[in-house]
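Participant: Dropping a structure here in structure tokens format, bear with me for questions.
The values are calculated or read from the model by the stated rules, or taken from the named source; none is laboratory data. Just so it is clear, the structure is predicted and the values come from calculations on it, not from any experiment. Positions of Cβ are backbone-derived with ideal geometry, glycine not excepted, and every protein chain shown enters the neighbour counts. Heavy atoms of the whole protein, side chains included, go into the accessibility calculation; ligands, DNA and RNA do not. Shrake-Rupley method; radii C 1.70, N 1.55, O 1.52, S 1.80 Å.
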Amino acid sequence: MTVPLPMLRESSLHDVRRAFAAAPEPELAVLIGIHAGKALGPLWLRGPAPALMALTGMAGWYGKSLRSDGSDVLVGENLVRRGDSIEPSIPITATLAPSRVDGRAAIVVSYPPDARFPWRRVKDELRPLDGNTLLGLTFGIPAMPADGVPFVLRRTSEEEGQAS
């Protein structure tokens, strides 16, 4: 059973993690394109998310953009808002791999080993909520919940991503 996104926006970390475990295993292709991101979970975690992103070198985080490299790996970048434009930030790759939540397949996003701290240690795990929405958990950010920091990615159009 998939939990509707409106119910997850302010859910407890336990409920978000349970929704992640209940989500279907993904196909890598669901992450191709531009996806706008938003923090989820309780207010104590969601509220300071923009400041935390700024402290980790990703001020103005907008989302992710990924494309196929012709193999079993997607390549792309995190996106950040700079004034009226959306710009690439840290490069990323995505593959299918076992989730640390339950061992089932998830899309696992990795950052390069030379990325700014803490990103070189961070992994994002994603599973679909519907055809345009992915539920994510970020692991590896110091002083954040070890069970993952929840977020959502929602597919946007190319034009919307560029003009936003």
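Participant: Residue check, THR93 against (1) part of a strand (DSSP E or B); (2) out of contact with any Lys or Arg (no Cβ under 9 Å at 6 or more places or on another chain); (3) free of Cβ contacts under 8 Å to residues at least 12 places away in the same chain, all met but one. Which one?
Facilitator: (3)
Participant: Could you tell me whether any residue of the stretch 18-30 is under 17 Å from the mean Cα position of the chain (by Cα) and over 22 Å from ALA105 (Cβ atoms)?
Facilitator: no
Participant: Now for a different question. What is the residue count in the stretch 102-130 for residues that are under 18 Å from ARG154 (Cα atoms) and either among the aromatic types (Phe, Trp, Tyr) or crowded, with 18+ Cβ neighbours inside 10 Å (or both)? Talk me through it step by step, then tell me what you get.
Facilitator: Of the residues in the stretch 102-130, the ones under 18 Å from ARG154 (Cα atoms) are 106-109, 124-130.
With the extra rule that they be either among the aromatic types (Phe, Trp, Tyr) or crowded, with 18+ Cβ neighbours inside 10 Å (or both), the set shrinks to 106-109, 124-129.
The number of residues fulfilling the criteria is 10.
Participant: May I pose another question? Of the conditions (1) under 21 Å from LEU8 (Cα atoms); (2) at pLDDT 95 or above, GLY47 satisfies every one except a single condition; which number is it?
Facilitator: (2)
Participant: Further, regarding this structure: Pick from ASP102, ASP69: which is charged (D, E, K, R) and in contact (Cβ under 8 Å) with a residue 24 or more places away in the chain?
Facilitator: On the way: ASP69 fails: in contact (Cβ under 8 Å) with a residue 24 or more places away in the chain.
Sole residue among the options that is charged (D, E, K, R) and in contact (Cβ under 8 Å) with a residue 24 or more places away in the chain: ASP102.
Participant: Residues of the stretch 31-44 being under 14 Å from the mean Cα position of the chain (by Cα) and open to solvent by 40 Å² or more (accessible area, probe 1.4 Å), which ones? Please lay out each step first, then the result.
Facilitator: So in the stretch 31-44, the residues under 14 Å from the mean Cα position of the chain (by Cα) come out as 31-41.
Residues satisfying the conditions are ILE32, LYS38.
Participant: Moving on. Anything in the stretch 131-146 that is surrounded by 14 or more Cβ atoms within 10 Å (Cβ to Cβ) and either in contact with a Leu (Cβ under 6 Å, 6 or more places away or on another chain) or in contact (Cβ under 8 Å) with a residue 60 or more places away in the chain (or both)? List them, or say none. Explain how you work it out, then say what you get.
Facilitator: Filtering the stretch 131-146 down to residues surrounded by 14 or more Cβ atoms within 10 Å (Cβ to Cβ) leaves 133-141, 144-145.
The answer is THR133, LEU134, LEU135, GLY136, LEU137, ILE141, MET144, PRO145.
Participant: Please enumerate the residues belonging to the stretch 96-123 that are in a strand (DSSP E or B) and more than 16 Å from MET53 (Cβ to Cβ).
Facilitator: LEU96, ALA97, PRO98, ALA105, ALA106, ILE107, VAL108, SER110, LYS123
Participant: Next question. If you check ARG67, ARG120, ARG116, which single one turns out to be modelled with pLDDT under 95, of a type in the set (Lys, Arg) and out of contact with any Asp or Glu (no Cβ under 8 Å at 6 or more places or on another chain)?
Facilitator: Going through ARG67, ARG120, ARG116 in turn, just one is modelled with pLDDT under 95, of a type in the set (Lys, Arg) and out of contact with any Asp or Glu (no Cβ under 8 Å at 6 or more places or on another chain): ARG116.
Participant: Kindly indicate which of MET58, MET53 is part of a loop (DSSP other than H, G, I, E, B) and under 15 Å from the mean Cα position of the chain (by Cα). Give the derivation first.
Facilitator: Values: MET53 fails: part of a loop (DSSP other than H, G, I, E, B).
Sole residue among the options that is part of a loop (DSSP other than H, G, I, E, B) and under 15 Å from the mean Cα position of the chain (by Cα): MET58.
Participant: Answer yes or no: is there a residue in the stretch 17-28 that is modelled with pLDDT under 90 and either assigned to a loop (DSSP other than H, G, I, E, B) or aliphatic (A, V, I, L, M) (or both). Before the answer, list the steps.
Facilitator: Filtering the stretch 17-28 for residues modelled with pLDDT under 90 gives none.
Among the residues of the stretch 17-28, not one is modelled with pLDDT under 90 and either assigned to a loop (DSSP other than H, G, I, E, B) or aliphatic (A, V, I, L, M) (or both), which makes the answer no.
Participant: Right, another one. Can you tell me which residues in the stretch 46-101 are of a type in the set (Asp, Glu), exposed (fewer than 12 other Cβ atoms within 10 Å of the Cβ) and more than 17 Å from LEU31 (Cα to Cα)? It would help to see each step written out before you state the result.
Facilitator: Step one: filter the stretch 46-101 for residues of a type in the set (Asp, Glu), giving 69, 72, 77, 84, 87.
With the extra rule that they be exposed (fewer than 12 other Cβ atoms within 10 Å of the Cβ), the set shrinks to 69, 72, 84.
The answer is ASP84, and nothing else.
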